[in-house]
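**Student:** Below is the structure I would like to discuss, written out as structure tokens.
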Amino acid sequence: MSVIQARSCWLAEPGRAELRTEALPAPGPGEVRVRALHSGISRGTETLVFRGEVPESEFDRMRAPFQQGAFPAPVKYGYSSVGVVEEGPPELQGRTVFCLHPHQSHYVVPAEAVHPLPDGVPPERAVLAANLETAVNALWDAAPRVGDRIAVVGGGTVGLLVAWLAARLPGSRVQVVDTQAGKGGVAERLGADFAVPAVARREADLVIHASGHPEGLATALDLAAFEATVLELSWYGSRPVSVPLGAAFHARRLVLKSSQVGHVAAAQRARWSHRRRFELALSLLADPALDALVTGASPFDELPSVLSRLAASGVDGTLCHRIDYP
């Protein structure tokens, strides 16, 4: 059997990515070889990694599955790959699958690391699976109730997926709050209202913050009603964050709670495995409305420059950017 030369994207040093070639081993028993079709850029986390902003205390916890190298660099990072199984167990050969793998043209992983796509979920949309799993876990942590007024501060990919899920709760009123008015159309297609911070609806029963900016967290606290919960989904890496816990924070008896996808939410943990949670996220991707979240696509050869552009640009309206493989 001829040796396959795989191409992968490495962060050579903070602020500079490059494509490298590596010889791919033949799959062994219980392994599969996957040919990538698409991968998705997780803009929040991957741009922090690109800029070298992962704090040393989080080097181990932030490792992605199948990551090579170490923070800050050189490191091969990413976790949203969709491809076709070219070699492996008969029941998986030819199947289109999702894998939490870095950006790479071909790869060999254990068979249990891949998730076959359900019927009705196209590969181009499946790059949203990891982000949707984060949103599912966030809603489990937030525990919204029927009829809640819910504010989602931050209209990025994860924030909009949270709003899409929350809007399906009977009687709920969900509003996405973002400084970019252009995101209003996407929010409305996903079943939520939209407002810029200055005119956002106040007295929310639940606020979920996903903007990645300290100013967004201040807005989230300001929108919360008496004894409401503010769920913090943003991760700031090594950046210091000033949290406004003065004024009426204590008088309103607000709850500030964190959520992170690395562990299944506590309320579900006794019954839900990571795999079961991920299969749920994949099944939810059957809704064509979610195509609105994939706002751009580039060929794999352009990935280093795409990462540089996304890390450098401030506000440009990009949600999930898809990478297409030849």
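Bear in mind these aren't lab numbers, they're just calculated from the coordinates by the rules spelled out. Model, not experiment: these values are computed from the prediction. In this analysis, Cβ positions are derived from the backbone assuming ideal geometry, glycine residues included, and neighbour counts consider all displayed protein chains.
**Student:** How far is it, in nm, from the label point at ALA198 to the one at ARG35 when both lie 7 Å from their Cα along the line to the Cβ?
**Tutor:** Inter-label distance under the simple model: 5.4 nm.
**Student:** Okay, moving on. Zone of ARG253 (label point 7 Å along Cα→Cβ, backbone N under 19 Å): which residues in segment 219-240?
**Tutor:** Under cut-off, by backbone N: 221-231.
**Student:** A further question on this structure: Work out, step by step, the length gained on full extension between GLN260 and GLU56: first 0.36 nm times the residue separation, then minus their alpha carbon distance; give nm to one decimal.
**Tutor:** 71.6 nm
**Student:** Hey, fewest Cβ within 10 Å first, where do PHE98, PHE300, PHE59, PHE50 land in order?
**Tutor:** The fewest-first ordering by Cβ neighbours comes to PHE59, PHE300, PHE50, PHE98.
**Student:** About its Cα centre, how strong a charge dipole does segment 210-326 have in debye, to the nearest 20, once Lys and Arg get +1 and Asp and Glu get -1 at the Cβ?
**Tutor:** In total the dipole reaches around 680 debye.
**Student:** Further question on the same structure: Would you mind checking which residues have amide H under 5 Å from ILE208's amide H? H placed 1.01 Å from N; only 5 or more apart, or other chain.
**Tutor:** Long-range HN contacts for ILE208: ALA151, VAL152, VAL153, LEU231.
**Student:** A further question follows. Fewest first, what order do VAL34, VAL136 take by the number of other Cβ atoms within 10 Å?
**Tutor:** By the 10 Å Cβ count, ascending: VAL136, VAL34.
**Student:** Exposure proxy check: HIS263, HIS274, HIS321 ranked by fewest other beta carbons within 10 Å?
**Tutor:** In increasing order of surrounding Cβ atoms, one gets HIS263, HIS274, HIS321.
**Student:** Over the alpha carbons of segment 232-326, what is the largest minus smallest coordinate on each principal axis, giving the biggest first in Å?
**Tutor:** Extents along the principal axes, in whole Å: 56, 38, 26.
**Student:** If you don't mind, another one. Quick one: putting +1 on the C-beta of Lys and Arg, -1 on the C-beta of Asp and Glu, what dipole do you get for the chain around its Cα centre, in Debye to the nearest 20?
**Tutor:** 540 debye
**Student:** Tell me the Kirkwood hydrodynamic radius of the chain in angstroms, computed as one over the mean inverse distance between distinct C-alpha pairs.
**Tutor:** Averaging 1/r across every pair of different Cα atoms and inverting gives 20.4 Å.
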